[in-house]
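Report on one structure; see the data block that follows.
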Amino acid sequence: MSRKKIALVGAGMIGGTLAHLAAMKELGDIVLFDIAEGMPKGKALDLAQAGPVEGYDANLKGTSDYADIAGADVVIVTAGVPRKPGMSRDDLLGINLKVMQAVGAGIKENAPDAFVICITNPLDAMVWALREYSGLPHNKVVGMAGVLDSARFRHFLAEEFNVSVEDVTAFVLGGHGDTMVPVIEYSTVAGIPVPDLIKMGWSTQEKIDAIVARTRSGGGEIVQLLGNGSAYYAPATSAIAMAESYLKDKKRLLPCAANLTGEYGVDNLYVGVPVVIGAGGVERIAEIALNDTAKANFDVSVDAVKELLVACKGIDPAL
Ligand code: TXD
């Protein structure tokens, strides 16, 4: 059986980290695509030279030719520009929408059977636009944000409760922005819901509320600290978990930006919800019960995504 093929469109900070993680896990052969000429080739060669040390066998290729992504099983898209301090994710829309048009065409022509994971911001709008431009089935195009936002939430909760991150589960729904919805009722330590842990005296509502707020601004906190660019280790790790669930048909239940067709009262919109990812791509959407507060917050988040789509259609009426 030949190796799987993973194409990374965008070989920048996240793209390079994706390549390293995919190689370390021997998920398949890897193509790093970027419009920058030498850089993807340099990263591919550097990663190939790490193989003998770590012991991973993977063909790594850097390219600026879309033909080289032909037949990819998974395409992970980070092409575009990241935030600078003081910028919101939404400020990237004008530039990155045009990038999604080019990337969508490249995927449509060369890798129409791939499972596509979009990372480029503003995520919920870019994944929708990428699906429109590529024309791939909706269940084969998904956005990475919820796994990252949930991981940030889980990290802060593990710190607060002083427990292993392995035993902390968390849900963050909605758009990948300030309106995201960390749902404490579905977040647990080894199955014990966070509200119960508060009643047990393991934390206070105030501290948990502060953690929810810090999760919402988690991306901005890192942008501010780095001063140039945004997070890339946790975003890349999150996308690889989604890719692995597809490639190995693991059927993990993960929070991802997926196309809704009536679930949660939302139609023809990409937004973060719990989905099962297996060999069929997005195989199932979990429509969980939300309390009034969470539902109201979710609806605010959905409205924020709808506004981004209006902005996209204002730029490209063909969408
Ligand atoms: O959770 C999430 N979804 C977010 C997403 C988490 C963190 C970062 N998020 C976004 O990912 C970020 O706001 C950016 O929009 C993307 C990529 O972030 P990264 O940090 O990897 O940006 P880089 O290092 O600038 O890499 C982007 C690469 C760069 O090498 C460019 O040359 C390339 O994209 N690029 C292109 N490649 C192909 N085709 C086109 N048109 C193109 N334009 C730029």
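Please build a GNM for the chain, connecting alpha carbons under 10 Å apart, and tell me which residue among 97, 136, 45 fluctuates the most.
45
In the chain, what percent of the accessible surface is made up of carbon and sulfur (1.4 Å probe, ligands and nucleic acids excluded)? Display every interim value, and only then the final one.
Details: 7380 of 13800 Å².
That fraction is 54 percent.
Among 127, 181, 275, determine the one that fluctuates most according to a GNM of the chain built with springs between C-alpha atoms less than 10 Å apart.
Largest GNM mean-square fluctuation: 275.
Please compute the net charge surrounding residue 89, taking Lys and Arg as +1 and Asp and Glu as -1 over other residues with Cβ under 14 Å from its Cβ.
Numbers: positive: 83, 84, 216; negative: 90, 91, 124, 149, 178, 221, 307.
Overall, the nearby charge balance is -4.
To the nearest 10 degrees, how steeply does helix 13-24 sit against the main Cα axis of the chain, on a 0 to 90 scale?
Roughly 80 degrees between the two axes.
Please give me the summed charge of the neighbours of residue 108: other residues whose Cβ is under 13 Å from its Cβ, Lys and Arg +1, Asp and Glu -1.
-1
For the chain, modelled as a GNM with alpha-carbon contacts under 10 angstrom, which of 200, 100, 13 fluctuates the most?
Result for the chain, Cα springs under 10 Å: 200 fluctuates most.
How many angstrom lie between the Cα centre of the range 181-201 and the Cα centre of the range 236-301?
Distance between centres, Cα-based: 21 Å.
With respect to the cross-link table entries 25/61; 25/250; 25/251; 84/108; 43/251; 5/251, which display a Cα-Cα separation exceeding 22 Å? Display every interim value, and only then the final one.
Working: 25/61 17 Å; 25/250 15 Å; 25/251 18 Å; 84/108 31 Å; 43/251 31 Å; 5/251 20 Å.
Flagged as over cut-off: 84/108; 43/251.
Using alpha carbons only, how many angstrom separate the centre of the range 72-131 from the centre of the range 24-67?
Taking the Cα centre of each part, the range 72-131 and the range 24-67 sit 20 Å apart.
May I ask you to derive the relative contact order of the range 146-313, considering only C-alpha pairs under 8 Å and at least 6 residues apart, and to give it as an integer percent? If you can, show how the numbers build up before the last one.
Numbers: 255 pairs, mean separation 38.8, N = 168.
About 23 percent, as a whole number.
Under 13 Å from the Cβ of residue 277, count the other residues' Cβ atoms, weight Lys and Arg +1, Asp and Glu -1, and hand me the total.
Summing Lys and Arg as +1 and Asp and Glu as -1 gives +3.
Could you do me a favour and compute the accessible area per residue for the chain, 1.4 Å probe, result in Å²? Please list the in-between numbers first.
Values: 13800 Å² over 319 residues.
Accessible area per residue: 43 Å².
Let a ≥ b ≥ c be the square roots of the eigenvalues of the Cα gyration tensor of the range 197-256; is it rounded (a/c under 1.5), or, if not, prolate (a/b larger than b/c) or oblate? It would help to have the intermediate numbers written out before the result.
Working: a/c = 3.94, a/b = 1.25, b/c = 3.15.
Oblate.
Between residue 319 and residue 67, what is the spin-label point distance in nm, taking each point 7 Å from the Cα along the Cα→C-beta axis?
Placing both labels 7 Å beyond Cα along the Cβ direction yields 3.1 nm.
Quick check: from the Cα gyration tensor, does the range 146-313 come out rounded (a/c under 1.5), prolate or oblate?
On the way: a/c = 1.29, a/b = 1.27, b/c = 1.02.
Rounded is the answer for the range 146-313, as its axis ratio a/c remains below 1.5.
The values are calculated or read from the model by the stated rules, or taken from the named source; none is laboratory data. Please read all numbers here as calculations on a predicted model, not as lab measurements. Positions of Cβ are backbone-derived with ideal geometry, glycine not excepted, and every protein chain shown enters the neighbour counts. Protein only, heavy atoms only, side chains kept; ligands, DNA and RNA dropped before computing areas. Shrake-Rupley method; radii C 1.70, N 1.55, O 1.52, S 1.80 Å.
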